[in-house]
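No value in this document is a laboratory result; all are computed from the given coordinates. Everything numeric in this text was worked out from a predicted model, so none of it was measured. Reconstructed Cβ throughout: ideal geometry from the backbone, glycine too, with neighbour counts over all protein chains shown.
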Amino acid sequence: SRMTARQAVLNLMREGLVDRRRGAGTFIADNPIHRREGVLLSFTEDMKRRGLKPSSELLSAKKEIATEADCKALSLKIPSSVIVIKRLRLADGIPLALEKVVLTTKCAKVLEDDLENGSLHDSLRKIGINPTLASGWLTARLASAQEAKKLDIPTKSPLLVETRVIEDQNGKQIEHTETAYAANRYVVDIKLNCAPAVIAPFSAAPIDPA
């Protein structure tokens with residue numbers, strides 16, 4: 001039945017074996033994209049290096065009052081205004097991530113650029129602001145119904161969520177970003193040195209004089 005077939009496809013999507021493509025259908029999934037550790041490339045730069053065509057669907061881009069978390073991340077006073085850009089990021093037409101970028105108001109001129117087909121970091125460099133150092137962390141959550149619809153994945157599919165803060169060439173925080181990746185389509189590689197084992201100092205048992 002159609003209901004059984006639809007559920008079977010959803011199960012295959014949850015396992016990362018098939019992918020939906022808007023207006024095209026359901027296809028055998030490619031291997032997930034791996035991001036190497038060490039250097040943070042913009043999404044556009046990263047996809048182009050892989051031979052993929054990056055694109056974005058601009059969901060919103062405007063000035064807003066910063067949240068408390070944004071103020072803390074960007075070292076701003078409460079209340080402060082910020083630039084908030086929300087985009088759906090795609091590679092070869094396949095949705096990979098939902099991205100929310102919060103910028104300080106000195107970056108406001110990027111709103112005049114093409115945020116759907118261009119690189120946000122290229123736009124920042126054009127106005128003399130160079131993203132230089134990024135720090136961040138990874139968490140996980142389940143996709144809401146709205147997020148799942150945008151990413152074309154089943155509701156409550158796992159999302160890999162990266163939060164990062166980026167500084168400019170002067171060491172000033174300029175960007176606070178949350179990017180939620182479809183976990184079956186994107187993997188972050190990590191390489192760590194193992195800490196040497198700590199050896200407890202030897203202590204002889206006391207001798208009983210008796």
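The table that follows gives values for the structure above.
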item: Residues of segment 38-66 with amide N under 16 Å of a point placed 7 Å along Cα→Cβ from Leu138; result: 38-41
item: Estimated distance in nm for a label pair at Ser81 and Cys194, the labels positioned 7 Å out from Cα along Cα-to-Cβ; result: 5.5
item: Cα gyration tensor shape for segment 54-199, rounded if a/c is under 1.5, else prolate or oblate; result: oblate
item: Relative packing of peptides 151-158, 109-116 - highest average C-beta neighbours within 10 Å first; result: 151-158, 109-116
item: Paramagnetic label zone (point 7 Å from Cα along Cα-to-C-beta, Lys172; backbone N under 11 Å) in segment 111-134; result: 129-130
item: R0 of 22 Å, Cβ-Cβ distance Lys156-Ala61: FRET efficiency to nearest 0.05; result: 0.15
item: Cβ-defined net charge surrounding Thr105, 13 Å radius [Lys, Arg +1; Asp, Glu -1]; result: +3
